[in-house]
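The structure appears right after this line, and notes come after that.
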Amino acid sequence: MAVKDDLSGAQAEAEAQRDERPLDEVVFEEPGFFSDPYPVYARLRSEAPVWWCEEQSAWLVSRYEDVRSVLLDAQTYSNKPHQGLYGPYDDENAGSFFLKDQPEHTAWRRIFTGGGGFSAAAMKACKDAMQELCSDLIAKLPAGDIDAVRDLSVPLTARFLARFYDLPADESPWVEAITVFYHPGTGDLTPTLLTYFEDLVKKRREAPGNDPLSKAVLANDSKGPLLTDQQMAWNFHDMVLAGAASLYAAIAESVAVLAEHPQTQDPRYWETPEAAERSTEEILRWLEHAHWLFRTAVVDVELGGQRIRAGDGVFPVIASANRDEGVWDNADQLDLSRDAGVPNLAFGYGPHIAVGAMVARAFLATMLPILVRARAPFRLGGTPQRVLGNGVSTPTTIPIAPADES
């Protein structure tokens, strides 16, 4: 799917009015679709919860329970690349555990997560760093208009992950790649990034620290090693950049949600850690950065009354699953008082859940209360701009302005 700029409000509205077309006439690649895909997702859940999409050459799975079952069943639904969608990742030498199946996936993933860098205890230790970074940057923001991408999400993401992984936060190729990671533009940066991370593997071996990357190098070396330095570099590339791209998008889009819905800036939603966590989960359920994931059926299987054949593409539409009215009452409404209850699928589910999901959730629950206390009330200061493609919506500009309190 090609990358396309977001539409103006008038254009998006015109596209949305066409959502009553037969499903086989909906063009998921048209610029207006991701501006408001939820009416189509609702129709999919109601009319065709497991639906063959000719345009994508894949089954779109839209109901929560079906999506969760696909994500849980890694034996039936392969996580390997589907139809060249991943560009350089289609090379078997890429060696990223993100795109491996069992048993390789578990064995490789443990190298990068088994050292405790992503444990609950590690997250507790990270909270102080998150609090310090967010408080410092937000306190230094200009008093007037800001951009949630340029002024908040990108610098916060770069500074936090630089500290978390012990990386340079400025003048570094990984920082440049944050905002384009999920789109074709990152392909031009891949050779430079892989050289950078392969050099980093060697440096961490020679002088390991207490960061997750150093622990991964030591864990791998203790196993033989299991992975080559090139494969380690691919995994560093994905761990750092997939995490950074998702975190930066989640920060920016969360701020956009608060700006568009003034009631969410009420201090009662953010006054305690428990309230902040509940509010964060509702925001993550309601917005979506990655609309769908990619799987391939490895055996014939029946799902939602449909016969899926081995080799068929299967796209679990997590943005639809998170609005499933069969799971949440008034699912299209944003309600920060909602009991979290059923877990949302914002960062995936099952064995392939995002490695940094706990980090991102903790960061948002730390940052958003600080922002509300320092800046509320605020509003959108213009039309947000996003780059759209491959089922991913990435914010590029989200203008924020002080609200009129009169």
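The values are calculated or read from the model by the stated rules, or taken from the named source; none is laboratory data. Please read these numbers as outputs of a predicted model, since none were measured by experiment. Positions of Cβ are backbone-derived with ideal geometry, glycine not excepted, and every protein chain shown enters the neighbour counts. Please note that ligands, DNA and RNA were not included when accessible areas were found on the heavy atoms of the full protein model with its side chains. Shrake-Rupley method; radii C 1.70, N 1.55, O 1.52, S 1.80 Å.
Taking the accessible area of the chain, probe 1.4 Å, and keeping the other protein chains in place, the carbon and sulfur fraction comes to 50%.
Between Arg268 and Ser46, the FRET efficiency estimated from the beta carbon spacing at R0 = 22 angstrom works out to 0.05. When semi-axes √(5λ) of the Cα gyration tensor in Å is calculated for this entry, the matching label among (i) 31, 29, 19; (ii) 35, 23, 21; (iii) 44, 25, 24 is (i).
Stretching the chain fully between Lys223 and Thr192 yields a gain of 8.4 nm (0.36 nm per residue, less the alpha carbon separation).
Considering only Lys127, Lys100, Lys223, the Gaussian network model of the chain with Cα springs below 10 Å gives its largest mean-square fluctuation to Lys223. For Lys202, a cut-off of 17 angstrom between C-alpha atoms picks up these aspartates and glutamates, skipping any fewer than 8 places away in its own chain: Asp166, Asp211, Asp221, Asp229. The phi-based Karplus calculation (6.51 cos²θ - 1.76 cosθ + 1.60; θ = phi - 60°) puts the 3J(HN,Hα) values of the stretch 278-292 at 5, 5, 4, 4, 5, 5, 5, 5, 7, 8, 7, 8, 9, 7, 8 Hz, whole numbers, x for Gly and Pro.
Summed over qualifying helices (DSSP H, 4 residues or more, each -39500 (n - 2.57)) and divided by its residue number, the chain shows a 222 nm mean residue ellipticity of -13000 deg cm²/dmol. Bridging of Lys140 to aspartates and glutamates at a Cα separation below 16 Å is possible for Glu132, Asp151, once same-chain residues fewer than 8 apart are set aside.
Probing with 1.4 Å while keeping every protein chain in the model, the per residue accessible area of the chain equals 42 Å². Each residue of the stretch 296-301 is assigned a 3J(HN,Hα), and the resulting list reads 10, 5, 9, 9, 5, 8 Hz, derived from the Karplus form 6.51 cos²θ - 1.76 cosθ + 1.60 (θ = phi - 60°), x at Gly and Pro. Rounded, prolate or oblate: which one fits the stretch 210-269, using the alpha carbon gyration tensor with axes a ≥ b ≥ c (rounded when a/c is under 1.5, else prolate when a/b beats b/c, else oblate)? The shape class here is prolate. Amide H to amide H distances under 5 Å link Phe378 with Ala403, where only residues 5 or more positions off or on other chains count and H is placed in the peptide plane. Amide H contacts under 5 Å for Gln306: none, restricted to partners 5 or more places along the chain or on a different chain, H placed in the peptide plane at 1.01 Å from N. Coupling constants for the stretch 130-147 follow from the phi torsions by the Karplus curve (6.51 cos²θ - 1.76 cosθ + 1.60, θ = phi - 60°), and in residue order they are 4, 4, 5, 5, 5, 4, 5, 5, 5, 5, 9, 5, x, 6, x, 6, 9, 10 Hz; glycine and proline get x.
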